[in-house]
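Student: Before we start, here is the structure in question, set down as structure tokens.
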Amino acid sequence: MRSKINRFFLLFLFLNFASVASAQSSGGGSNYLLTAMAAIAVFIILGAVIMVSDNLLKIEARQSGADKSGTNYSIFPKFSEMFGSSAPDYVDGPVTFLKKGHDILLQGEAAKSTNDGAGVTTFAVQPPNFTGMSPIPKVVVEVGNEVKAGDPIFFDKKRPEIQYVAPVSGEVIAINRGAKRSIAEVVILADKEMKYRSHDVPNLADCSREDLVNFLMSSGAWSFIRQRPYNMVADPIDAPRNIFVSTFDSAPLAPDLNYIVDGNEAAFQKGLEVLGKFAPVHLGLNAKGSEAPNHAFTQVEGVTKNWFHGKHPAGNVGIQIHHTAPITSSSKVWVAGVQDVITIGKLFTEGKFDASRMVAITGAEVETPQYVKTYLGASIEGLVKGNLKTVEEGKSIRFVSGDVLSGKQTSTESYLGYYDDQITVLEEGDEYEMFGWLLPIAPRPTISGTFPNALYPDLKFQANTNTHGEERAFVVTGQYESVLPMDIYPQHLMKAIITNDFERMEGLGLLELAEEDVALCEFACTSKQPLQSILKQGLDAMRDQ
Amino acid sequence: MGLLNFLKKIEPDKKSSPFMHTLFDGFFTFAYSPDTVTKGGVHIKDGMDLKRLMVHVVLVLQLCYVFGSLNIGHQHFAALGMYPDFLDAFHLKITYGLIQLIPIFVVAHLVGLGIEFWYAAKKGHAIEEGFLVSGALIPLIMPPDVPLVWLVLAVAFAVIIGKEAFGGTGMNIFNVALLSRAFIFFAYPTEMAGDTMMSGKEVWVSGLEFDAAQLAEGVKQQVSYYHWWSHGVFDSIFETFGWRTFGEGGLPVVDSFTGATPLGLAKTGGWAAVAEVYTPTQMWWGGLPGSIGETCKPFILVGAAALVAMKVASWRVMVGMILGCALTGMLMNGFTAGYEDPSLAYLQIPWFYHFYMGSFFFAMAFMATDPVTAASTNRGKWIYGFFIGAVGLIIRVMNPAYPEGWMLAILFMNVFAPLIDHYVLESNMTKRLKRA
């Protein structure tokens, strides 16, 4: 209110000034200024009246609950309504249009065909996949033990009630250790015929929250529920404000979740019902493209559906949370992946821990990119066996568990990450390139307009892992903002992390971000700064506080 | 690959000869982009790096360089009353311009890059590319006849005090190129103000001096001069083709020549005085005295459009600056409308003519958009650009000491950019905290 009074006072002052000026002017002089001022004053007063009534209208709509569906009750059209592309026909709710972002198009997208995954014989669960877990968790099995799918294999000593279980049945053949005797992976040689540990499933309708939590923790399904901030396995004591599930992945070469969910509609619905016992569930749906998402997503009941239209990272759950109900320092939200929800659902519909996963084998170095039906933590070697192009002399390739932006580098001896449903195989770029910085010799993915290939937005690239330049101080500004559709200033946040300024970190929205959200900024960075590791450093420091 | 192997073989040892290693590294990464691969973050990276960014700014400046060279020659001959058509005697004008421009370019780079290399070796890090753009900009904002000693001092001052003292590329507070010009501006105020009565040297129009013989008799007459080792050599080449030559020099400056810039005229008599000497078309195309690269508006705008299209420079700063300048101009027009006082003549110049005079567009496209010294938030860039436009025009019109305002306005707003960002970030933080 005070600011409004100030504004009118200023206007009044201005008008006075104008009339004095015009009075001083010689008789023959015109009254341009006074006329102009009067016109502006009328304009401002009229504008103020309209704005106030518009705001009253909106407040009324909110209070009466009429705008729940997201309909625009303002007399002004929203910006997106005026300029944005209109939502496709299949959309049945309000759409959030995200202008910022960038789709990196790469060669080697997975075709919609599924391999039975017979080549994969070993599986592993890797403790380092879980953010914040102590480096040496308590392993309750020994090499040589027979386990059933769903049998506990280790737990974190800090939170012993949360069990991490075997994804498959078989024999524990190795417990590999990494640096400082930390547990790197627990490897299981899978049985031909899967044996499941039988569960006594609580009745969802009348079980208490405590019983449900205990069941999920002891069955191993709790590990699929992660909390934001920090992207770590959720704390069972917390009451989350919301639970978010993104039903599309916009990362480069990401698996098509519409294809993956096919045939698992009931389990997906059941899984969401389980999550719905803790907090309201929000489902992020893709409003981009001519085809509607799978009916498993659109027909699902008991959840709030939020539609998003935009380039990567629109599919990141962090972006969707930001545009639905932002994380604050006092609230936590939980997130889960689609395949994780299906596993939770199957625990209730079939009474067994079925960690089967559809994994997309992608990348330019894969002979036939397609999906493999296997289990969680499958061995990379088994997944890509016989499906790689021959590597040229003097060149090498890189295996990535996940997508090329936020995935982890891995090798054929290693295993798929716990939350990953994709492998990307790409060429290493360890070669010098003459005048590589000046001449665009080969087309390469970029957000800048200095490459000729910027004129062909549909071009698919065969990218390699070269850094295309050396690390420099932050020089360019506004670049990160242009690919991060959030109300966040990434560069200033990064500087706050580097200078260890906690208050600023929190204020600038560190808690709303996960590493995958800034991955595209890191890709685009002209100064080649390692943003994901800086962010991780900030999140770790904040969590320790 | 032969060259690569050779280069790898001659690589100096980093410990025993750090300067040579830094030098080698600078040139090696210039010839070959490195073979480093991504590690622990994203697996693929954008093809853009700082070298490429900088070189694209340099590329779009080339139009200004071509026009600037030609214009140096044109102004020289115009002062002598020769070849009034802009493209007349093209070979003489461009040769004259290049003889004048190339030493400026070379000296600016030798001094600037030399200091950069030395600091890089001392700090033991790779050479950063910041000076590529500064070095390309400095010649364009210098008067065509700037003595090379001034230039050496100015560039050294700008690079050492303006940049290295703050920690190198990406850390500087002031725009390096503008700082070098500000140095010359304040160190040699009489010459820079166009006062030729001391030495006869006219920095804004090249190749004029007092005739020694007449000076002995107490007559101050500016005449042209040429050097045998530069102009003379070209003369002998032109003679073999039967083209026109520079000649011996010593030609007197024509009486109508004043060397006055539109801004100088505007200060004395408003738009009427400007219109007597220059037409708007002439000012738009830039065939008039001024800094080397700032005069031709169309070429600068082509460069600015290219920078925006390639997403190298921020359009927010540019648009903000145009708005700031236009609005201030309108206010000046508005407040003085109807008065007949000649002292208000400058304020009464129609606001859109301010874009024709001086170096508004050059400052907008290449100086204000420097990402390091500009505001770094998108909202801040609007404010930053707007105030450069407003403050610059106020300095230009209302300040009796300085003919042009953009240099000072940009340096002034460079200081305020962190403050603008601070408030933009504060509002973002407050908004977030309120949500909690």
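Read the figures in this text as sums done on the coordinates, not as results from a lab. Not measured: the values here are computed from a predicted model. Positions of Cβ are generated from backbone atoms using ideal geometry, with glycine treated the same way; all protein chains shown enter the neighbour counts.
Student: Starting from the amide H of B:Tyr32, placed 1.01 Å from N in the peptide plane, find each other amide H under 5 Å away whose residue is 5 or more places distant or on another chain.
Tutor: Those qualifying (amide H under 5 Å, at least 5 residues apart or on another chain) are A:Phe435.
Student: Moving on. Taking chain A as the reference, fit the longest principal axis to its C-alpha atoms, fit the long axis of helix A:338-349 to the helix C-alpha atoms, and give the angle between the two in degrees, 0 to 90, nearest 10.
Tutor: So the inclination is approximately 60 degrees.
Student: While we're on this one: Give me the orientation-averaged projected area of the Cα convex hull of region A:467-545, in nm², one decimal.
Tutor: Working: hull surface 19.3 nm².
Its Cα hull, projected and averaged over all orientations, spans 4.8 nm².
Student: Now, a different point. Work out the mean other chain Cβ neighbour count within 10 Å for the residues of B:314-321 and drop it here as an integer. Before the final figure, lay out each step's value.
Tutor: Numbers: counts 3, 1, 1, 1, 0, 0, 0, 0.
Counting Cβ atoms of other protein chains within 10 Å of each residue's Cβ and averaging gives 1.
Student: Which FRET efficiency value, to the nearest 0.05, is calculated for B:Trp229 and A:Ser396 with the Förster distance at 41 angstrom and r the Cβ-Cβ distance?
Tutor: With R0 = 41 Å, the Cβ-Cβ based efficiency is 0.10.
Student: State to the nearest 20 debye the size of the charge dipole of the protein assembly as shown about its Cα centre, where the only charges are +1 on K and R beta carbons and -1 on D and E beta carbons. Walk me through the numbers before you get to the answer.
Tutor: On the way: 75 positive and 94 negative charges, 385 e Å.
So the magnitude is around 1840 debye.
Student: Then there's this: Quick check on region B:101-182: take the gyration tensor over C-alpha atoms, sort the square-rooted eigenvalues as a ≥ b ≥ c, and tell me if it's rounded (a/c under 1.5), prolate or oblate. Provide the component values of the computation, followed by the final result.
Tutor: Values: a/c = 2.07, a/b = 1.65, b/c = 1.26.
In terms of gyration-tensor shape, prolate.
Student: Let me ask something else. Between region A:202-256 and region B:202-269, how far is it from one alpha carbon centroid to the other, in angstrom?
Tutor: The distance from the Cα centre of region A:202-256 to that of region B:202-269 comes to 83 Å.
Student: What does the helix-only formula give at 222 nm for chain B: each DSSP H stretch with n ≥ 4 adding -39500 (n - 2.57), the total divided by the residues, and the result rounded to the nearest 500 deg cm²/dmol?
Tutor: The helix contribution divided over chain B gives -18000 deg cm²/dmol.
Student: Based on DSSP, what percent of beta bridges with both residues in region A:209-349 are antiparallel, to the nearest 5?
Tutor: Taking every DSSP beta bridge with both residues in region A:209-349, the antiparallel ones total about 30 percent.
Student: Taking the Cα centre as origin and putting +1 on Lys and Arg beta-carbons and -1 on Asp and Glu beta-carbons, what dipole magnitude results for chain B, to the nearest 20 debye?
Tutor: With only Lys, Arg, Asp and Glu charged at Cβ, the dipole is about 2240 debye.
Student: Taking only the C-alpha atoms, wrap a convex hull around the protein assembly as shown and report its volume per residue in Å³ as a whole number.
Tutor: It comes to 205 Å³ per residue, whole-number rounded.
Student: Can you put A:Asp249, A:Asp256 in order, fewest other beta carbons within 10 Å first?
Tutor: A:Asp256, A:Asp249
Student: Among DSSP bridges having both ends in chain A, what percentage is antiparallel? Round to the nearest 5.
Tutor: On the way: 40 of 64 bridges.
About 60 percent, rounded to the nearest 5.
Student: Relative to the longest principal axis of chain A, what angle (0 to 90°, nearest 10) does the C-alpha long axis of helix A:531-544 take?
Tutor: 80
Student: I'd like the Karplus ³J(HN,Hα) series for region A:293-304: coefficients 6.51, -1.76, 1.60, θ = phi - 60°, whole numbers in Hz, and an x wherever there's a Gly or Pro.
Tutor: After applying 6.51 cos²θ - 1.76 cosθ + 1.60, I find x, 3, 5, 4, 8, 6, 8, 5, 10, x, 10, 8 Hz.
Student: I would also like to ask the following. Could you please state, rounded to a whole Å, how far the C-alpha centre of region A:465-543 is from the C-alpha centre of region B:1-77?
Tutor: Region A:465-543 and region B:1-77 have Cα centres spaced 26 Å from each other.
Student: Looking at B:Gly329, B:Phe355, B:Gly303, which one has the Cα that reaches farthest to the positive end of the dipole of region B:296-423 (charges on Cβ: Lys, Arg +1; Asp, Glu -1)?
Tutor: So the residue furthest toward the plus end is B:Gly303.
Student: So what is the calculated 222 nm ellipticity per residue for chain A, using -39500 (n - 2.57) for each DSSP H run with n of 4 or more, over all residues, to the nearest 500 deg cm²/dmol?
Tutor: About -8500 deg cm²/dmol.
Student: Each residue of region A:401-406 in turn: what ³J(HN,Hα) in whole Hz from Karplus with 6.51, -1.76, 1.60 and θ = phi - 60°, glycine and Pro shown as x?
Tutor: 8, x, 8, 6, 8, 10
Student: Hey, how much of the P(r) for chain B falls beyond 39 Å, as a percent of Cα pairs?
Tutor: Result for the distance tail: 27 percent.
Student: Can you put B:Tyr83, B:Tyr356 in order, fewest other beta carbons within 10 Å first?
Tutor: Going from sparsest to densest Cβ surroundings: B:Tyr83, B:Tyr356.
Student: Scan around A:Ala174 for amide H atoms under 5 Å from its own, H built in the peptide plane at 1.01 Å from N, and keep only partners 5 or more places away or cross-chain.
Tutor: A:Val187
Student: Starting at the first residue of region B:361-377, write each ³J(HN,Hα) from the Karplus equation 6.51 cos²θ - 1.76 cosθ + 1.60 with θ = phi - 60°, in whole Hz, x for Gly and Pro.
Tutor: 5, 5, 4, 5, 6, 10, 9, 5, 7, 3, x, 6, 9, 7, 4, 9, 9
Student: Separate question: Cα centroids of region A:140-186 and region B:367-436: how far apart, whole angstrom?
Tutor: Going from one Cα centre to the other spans 58 Å.
Student: Among B:Ile141, B:Val415, B:Phe366, flag the residue with its Cα farthest along the positive direction of the charge dipole of chain B, charges on Cβ as +1 for Lys/Arg and -1 for Asp/Glu.
Tutor: Ranked along the dipole, the leading option is B:Val415.
Student: Now for a different question. Note down the magnitude of the dipole of region A:467-545 about its Cα centre, charges +1 on Lys and Arg C-beta and -1 on Asp and Glu C-beta and zero elsewhere, to the nearest 20 debye.
Tutor: Here the size comes out at about 260 debye.
Student: I would also like to ask the following. Would you check region A:209-349 for Lys pairs whose C-alpha atoms are within less than 18 Å, ignoring same-chain pairs closer than 8 in sequence, and give me the count?
Tutor: Within region A:209-349, the lysine pair count is 7.
Student: Moving to a separate point now. Once amide H atoms are placed 1.01 Å from N in the peptide plane, what residues at a sequence separation of 5 or more from A:Ser246, or on another chain, have their amide H within under 5 Å of its amide H?
Tutor: Amide H neighbours of A:Ser246: A:Gly284, A:Ala336.
Student: Let me understand region A:209-349 better: what is its radius of gyration from the alpha carbons, and its Dmax, in angstrom?
Tutor: Over region A:209-349's Cα set, Rg and Dmax evaluate to 14.3, 44 Å.
Student: Now a separate question. On full extension of the chain, what length is gained from B:Leu3 through B:Leu110, given 0.36 nm per residue of separation minus the C-alpha to C-alpha distance?
Tutor: That pair, B:Leu3 and B:Leu110, stretches by 35.9 nm at full extension.
Student: Based on the alpha carbon coordinates of chain A, what radius of gyration and maximum Cα-Cα distance (Dmax) apply, in Å?
Tutor: That works out to 27.4, 106 Å for Rg and Dmax.
Student: For B:Glu248 and B:Ala193, FRET efficiency with R0 = 22 Å and r from the beta-carbon atoms, rounded to 0.05?
Tutor: Efficiency at R0 = 22 Å is approximately 0.10.
Student: Only bridges whose two residues both fall in the protein assembly as shown count here: according to DSSP, what percent of them are antiparallel, nearest 5?
Tutor: 65
Student: Which aspartates and glutamates, on any chain, are close to A:Lys395 with Cα under 12 Å apart, when same-chain ones fewer than 8 places away are left out?
Tutor: In chain and number order, the partners are A:Glu365, A:Glu427, A:Glu428, A:Asp430, A:Glu431.
Student: Please report the projected area of region B:296-423's Cα convex hull averaged over all directions, in nm².
Tutor: Seen from a random direction, the Cα hull of region B:296-423 projects 7.9 nm² on average.
Student: Based on DSSP loop calls and a cut-off of at most 15 other Cβ atoms within 10 Å, the longest stretch of chain A free of exposed GluC sites (Glu not before Pro) is what?
Tutor: Excluding the exposed sites themselves, the longest stretch runs over A:1-141.
Student: Filter the trypsin sites (Lys or Arg not before Pro) in region A:192-264 to those in DSSP coil with at most 16 other Cβ atoms within 10 Å of their Cβ, and list the result. Don't skip to the answer; put the middle values down first.
Tutor: Working: sites: A:Lys192, A:Lys195, A:Arg197, A:Arg209, A:Arg226, A:Arg241; in loops: A:Lys192, A:Lys195, A:Arg197, A:Arg241.
Loop-located and lightly packed - A:Lys192, A:Lys195, A:Arg241.
Student: Okay, next question. Given R₀ = 60 Å, what would the calculated FRET efficiency be for B:Tyr423 paired with B:Gln214, taking r from the Cβ atoms and rounding to 0.05?
Tutor: Efficiency, from the Cβ-Cβ distance: 0.45.
Student: For a footprinting-style exposure proxy, rank A:Thr343, B:Thr29 by other Cβ within 10 Å, fewest first.
Tutor: Values: A:Thr343 25, B:Thr29 20.
Going from sparsest to densest Cβ surroundings: B:Thr29, A:Thr343.
Student: Name the residue farthest towards the positive end of the dipole of region A:115-191 from the options A:Ile162, A:Ala149, A:Thr131, assuming +1 on Cβ of Lys and Arg, -1 on Cβ of Asp and Glu, about the Cα centre.
Tutor: Among A:Ile162, A:Ala149, A:Thr131, the one farthest towards the positive end of the dipole of region A:115-191 is A:Thr131.
Student: If you don't mind, another one. Extending each Cα 7 Å along its Cβ direction at A:Tyr259 and B:Asp88, get the distance between those two points in nm, one decimal.
Tutor: Label-label distance for A:Tyr259 and B:Asp88, simple model: 7.3 nm.
Student: Sticking with this structure for a sec: Report, in degrees rounded to the nearest 10, the 0 to 90 angle that the Cα long axis of helix A:2-24 makes with the longest principal axis of chain A.
Tutor: Long axis of A:2-24 versus the principal axis of chain A: about 30 degrees.
Student: Could you pull out every one of the lysines with an alpha carbon less than 21 Å from that of B:Lys163, ignoring same-chain neighbours closer than 8 positions?
Tutor: Partners found: A:Lys495, B:Lys51, B:Lys122, B:Lys123.
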